[in-house]
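Take a look at the structure set out below.
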């Protein structure tokens, strides 16, 4: 089933008008450093600085490795993230982010580097107990076009506060286009964060490690 | 002489009582939100301490002796951080008292 359809259904079931995940902009004048290991298929590292609460600038490195054949992309990019719309509610927040950037990609089957562009969007909704996000990220070059769609639905067993540890159980569904992975990759994750430090880890339905760490300061 | 004494006492009382500003803020749902707000408010030279409670949608600050931060400046600081201010009040309780009350509630 298409991830967007799943997300829409989940949002309706949760009584949520929009869907949430780690945000590409943490807070104004904040720096975000993030690294993700995606089940051997995707590895990404990013650094962003936000001069405004609605804008962050930075760059990253993304490696996509097909589990269907031997194709591999190593993409280094500069990117701008923009908060298109935020809804601040009494007990909830929802956001729409968009981003775009450009860089260079190594294409393994050609053994060449190419110019690559990227664009994406994220819509999220969160309270202190429920959380949902849908993210789509497109990487494009002459030799390839890969879109990664990620849905996350989270539940917190208790409400955390500023100085306490936040614990979340997250269900993640991810689809890749362009011959990286066949079908939807599901993962169950345990997410922990406190103040500016965030760590999550879990396993996919194929028993592979899915992990992410992030620091905001 | 009496007038000067009265003014001095009034001023000192005012300074002693005007130290805590409590703000009700919408959109506070995670530690990152609170971290950003705390960082922004601590940059203000008039701020001496900050307490954030997600449970109460509360951002409270204490100001340094003899100093105040205008409502417009506080609203702008929180709006520029990406949050909505729903109310600002100057109160008598200290930040230590607020912390103690929050701690007591958790028990």
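Expressed as a rounded percentage, what relative contact order does chain A have, with Cα pairs under 8 Å and six or more residues apart? Walk me through the intermediate numbers first.
Working: 605 pairs, mean separation 38.2, N = 217.
Relative CO of chain A lands at 18 percent.
Note the full-extension length gain between residue A:69 and residue A:147 as 0.36 nm times their separation in residues minus their Cα-Cα distance, in nm to one decimal. Walk me through the numbers on the way to the answer.
Values: separation 78, 0.36 × 78 = 28.08 nm, distance 1.73 nm.
Value of the extension gain: 26.4 nm.
For the protein assembly as shown, compute Rh as the Kirkwood radius over C-alpha pairs and then the Stokes-Einstein diffusion coefficient at 4 °C and 1.567 mPa s; write the answer in µm²/s, rounded to an integer.
Working: Rh = 21.5 Å.
Value of D from the Cα-based Kirkwood radius: 60 µm²/s.
Quickly work out the residue A:111-to-residue A:33 label distance, labels modelled 7 Å from Cα along the C-beta direction, and quote it in nm with one decimal.
3.6 nm
When a/c reaches 1.5 or more, the comparison of a/b and b/c decides; with that in mind, is the range A:102-199 rounded, prolate or oblate per its Cα gyration tensor? Spell out each step's value before the answer.
On the way: a/c = 2.91, a/b = 2.28, b/c = 1.27.
Prolate shape, in that a/c is at least 1.5 and a/b is the bigger ratio.
Here, each number is a calculation from the coordinates, and none is a lab measurement. What you see is a predicted model, and the numbers here were worked out from it, not measured in a lab. Cβ: placed from backbone, ideal geometry, glycine included. Neighbour counts: every protein chain shown.
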